[in-house]
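The values are calculated or read from the model by the stated rules, or taken from the named source; none is laboratory data. Quick caveat, the model's predicted, so the values are computed rather than measured. Cβ: placed from backbone, ideal geometry, glycine included. Neighbour counts: every protein chain shown. Side chains are part of the model used for accessible areas, which takes the heavy atoms of the whole protein and leaves out ligands, DNA and RNA. Shrake-Rupley method; radii C 1.70, N 1.55, O 1.52, S 1.80 Å.
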Amino acid sequence: MAALTGDLRLSPFMQHTLAGSVRFSGTGIHSGTSVSVAVHPAAAGAGIVFHRTDRRGCDGRIPALAARVCETRLGTTIGNDAGVTVSTIEHLMAAFAGLDIDNATVEIDGPETPIMDGSSEPFVALLDGVGRERQEARRRYIEVLRPIEVEEGGAGVRLTPADGFELALDIAFDSPAIGRQSLDLALDEAAFRRELAPSRTFGFLEDVESLRAAGLARGGSLDNVVVIDRDTVVNPGGLRCVDEFVRHKALDALGDLYLLGAPLVGRFEGNCSGHRLNNALALALLAAGDAWRWTSARQPLAKAV
């Protein structure tokens with residue numbers, strides 16, 4: 001099967017799933033647990049659904065939807081009515097979004113999606129390996145009709161109308177290693193692969209002890225996190241690009257917004273935002289019936305590389 005890019009059977013107007021199943025394993029960045037994952041094709045209209053295969057005797061299926069988000073501290077966690085959860089789903093969700101994969105079942109035998117190298121790039125490579133299959137069902141997009149905004153503690157997120165899908169973010173940190181960074185990007189598949197997918201999660205060395213005492217960051221290492229010590233990036237290889245930090249925030253936003261259950265036609269703007277505000281914005285949009293509508297693509301949002 002051909003890789004995802006360059007396949008003429010693909011269409012921005014039709015739904016897509018995987019052409020086959022892909023399996024991988026890795027460590028959860030917070031739980032430190034080794035987890036095995038299998039991503040399978042799913043029927044048209046099924047959406048993205050996570051399935052905890054280790055939770056027997058109860059419903060282990062969790063639709064990847066904004067209404068199912070139950071925790072947003074240092075990652076996005078979804079859960080179902082049986083109390084089953086899967087955390088740190090945002091990087092895999094960003095890969096599904098960036099590659100226009102509408103329908104898939106993610107079987108996972110642990111509580112957290114593997115962190116891999118801290119970016120979406122390993123997931124992209126795995127999905128490329130099996131390819132993507134067009135389905136005989138129209139793809140629907142959520143078109144933003146009027147501005148929707150959420151603010152909290154000096155941070156804010158906003159959605160406004162646009163002809164395609166755009167991401168714009170501003171971040172500011174006291175550390176000179178980050179400082180102020182901005183990104184404004186019209187997103188299609190090529191831009192996702194080039195500008196966002198390789199960007200890794202990051203954290204501060206001074207926070208490690210307190211995070212681990214809280215049961216977090218137990219699987220973190222220089223292999224999967226960009227670590228900052230005061231004003232220095234500790235990782236031997238340094239950064240993949242000078243503004244990797246804001247690009248990763250954009251990657252997170254892409255994954256969180258795909259929990260709307262469909263791709264967006266609109267512009268996202270974030271100011272010092274994170275998972276909590278991203279989810280709040282998604283819920284605010286869905287609750288405002290006059291702020292959006294279902295539509296087909298105005299233009300090809302997933303151009304071949």
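For this structure, a couple of remarks:
- For a paramagnetic label modelled on Thr33 (point 7 Å from Cα along Cα→Cβ), amide N atoms under 13 Å away belong, within the range 62-85, to 78, 84-85.
- Listed residue (Thr113, Ile89, Ile78) projecting farthest to the positive dipole end of the range 38-145, Cβ model: Ile78
- Between the range 179-238 and the range 28-74, the alpha-carbon center distance in angstrom: 23 Å
- Among 225-231, 287-293, 258-264, sorting by the average number of other beta carbon atoms lying within 10 angstrom of each residue, highest first, gives 258-264, 225-231, 287-293.
- Cα pair distances of the range 13-161 binned at 10 Å [whole percent]: 11, 37, 35, 16, 1
- For the range 50-137, the fraction of alpha-carbon pairs lying more than 22 Å apart is 28 percent, rounded to a whole number.
- Per residue, the chain exposes 42 Å² of accessible surface when a 1.4 Å probe is rolled over the protein heavy atoms with every protein chain present.
- Shape call, the chain: gyration tensor on alpha carbons, a/c limit 1.5: rounded
- Packing rank of 146-158, 242-254, where each peptide gets the mean count of other beta carbons within 10 Å, highest leading: 242-254, 146-158
- Under the Debye formula (equal points on every Cα, no solvent term), log10 I(q)/I(0) of the range 163-254 at q = 0.14, 0.22 Å⁻¹: -0.55, -1.13
- Overall, the range 75-168 carries a charge dipole of about 340 debye about its Cα centre when +1 sits on the Cβ of Lys and Arg and -1 on the Cβ of Asp and Glu, all other atoms neutral.
- Debye intensity ratio I(q)/I(0), log10, the range 62-111, q values 0.13, 0.14, 0.16 Å⁻¹ (C-alpha model): -0.29, -0.34, -0.44
- Rounded to the nearest 20 debye, the dipole size of the chain about its Cα centre is 740 debye, using +1 on the Cβ of Lys and Arg and -1 on the Cβ of Asp and Glu.
- Dipole of the chain, positive end: most advanced residue of Ala46, Ile62, Gly237 [Cβ charges, Cα centre]: Ala46
- Three-way shape label, the range 100-194, alpha-carbon gyration tensor, a/c 1.5: oblate
- Using Cβ point charges alone (K and R +1, D and E -1), the dipole size of the range 186-234 about the Cα centre works out to roughly 140 debye.
- With every protein chain in place, the chain: carbon and sulfur % of accessible area (1.4 Å): 48 percent
- Anisotropy class of the range 1-81 from Cα gyration tensor, a/c 1.5 cut: prolate
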